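Undergrad: Below are the structure tokens for one structure; questions will follow.
No lab work stands behind these numbers, since they all come straight from the coordinates. Please read all numbers here as calculations on a predicted model, not as lab measurements. Glycine also receives a Cβ, built like all others from the backbone with ideal geometry; neighbour counts cover every protein chain displayed.
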Amino acid sequence: MTHHILIAEDDANTRAALAEVLRNEGYHVTEAADGRHAKDLFDASPPDIACLDVMMPGLSGFDVCKYFRQQSPTMPILFITAKAEEIDKVIGLELGGDDYIVKPFGTKEVIARIRAVARRSLSESPETRVTFSDEPFSMGGLEVFPKELRARRGDDAVSLTRREVLILQTLAARPGEVVKRADLFRSAWEDDHVPNSRTIDQTISQLRKRIEIDPKHPEIVQTVYGVGYRYECTVG
């Protein structure tokens, strides 16, 4: 399972070692040497998970956590620090951290904790999860028939998978809104498999080839770069 992980750590050796471990596990990793750089990287391409050192020049990990939480309330955040005092753990968790790892740490522990918070963040959420429905619905000139796992545009029909129907149902239920990848994960990946950004992008790319008039300029499933996807209900 591959997620985009942002590591913010001012110690170059620690940062490089952690990044190497995560990349070897198949994660996509970006690195920041301080808090301000971490904010810039987040604004350019929000990660799926953040690992924040507490003691960094400029902005501390706590400061960065507060900013990340304002922008992405559900993104997993782990604090990584050499400070083991109980008060720091309490502050970090109260600010919205999901877990706390004290240096020095073992690589297996880090991987296990990252997998755990990723799994929790993609767990079922009643507010965002869409339940599969057999009721037909329309999206920009496309008629979708979930019971048949099929869609039609005029006389042309295309086959759909259950997952593709769930993606379309999720977008159709929130017209005009930006639907984050995590919300699509919760709705469309219903088993224990934890998908990643590349998985869902590839799934939607294949879906567009069959449902869009011009897949290179999609009208039904539009990309909102760095965030997710949107269905503009005014098209069609």
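Undergrad: Lys and Arg at +1, Asp and Glu at -1: add these up for the other residues within a Cβ distance under 10 Å of I7 and post the number.
TA: Summing Lys/Arg as +1 and Asp/Glu as -1 gives -2.
Undergrad: A further question follows. Taking 30 Å as R0, compute the FRET efficiency from the Cβ-Cβ separation of V21 and R119 and round it to 0.05.
TA: For R0 = 30 Å, the calculated efficiency reads 0.95.
Undergrad: OK, next. Quick one: net charge around L207, please, counting Lys, Arg +1 and Asp, Glu -1 for every other residue with C-beta under 11 Å from its C-beta.
TA: Within the 11 Å Cβ shell, the charges total +1.
Undergrad: Under 1.5 on a/c is rounded, so check that first for region 1-68, then, if it is not, pick prolate when a/b is larger than b/c and oblate when it is not; a ≥ b ≥ c are the square roots of the alpha carbon gyration tensor eigenvalues.
TA: Taking the square roots of the gyration eigenvalues as a ≥ b ≥ c, region 1-68 is oblate.
Undergrad: Note down the nm distance, to one decimal, between modelled labels 7 Å out along Cα→Cβ at I213 and at N13.
TA: Going by the 7 Å Cα→Cβ label model, 6.2 nm.
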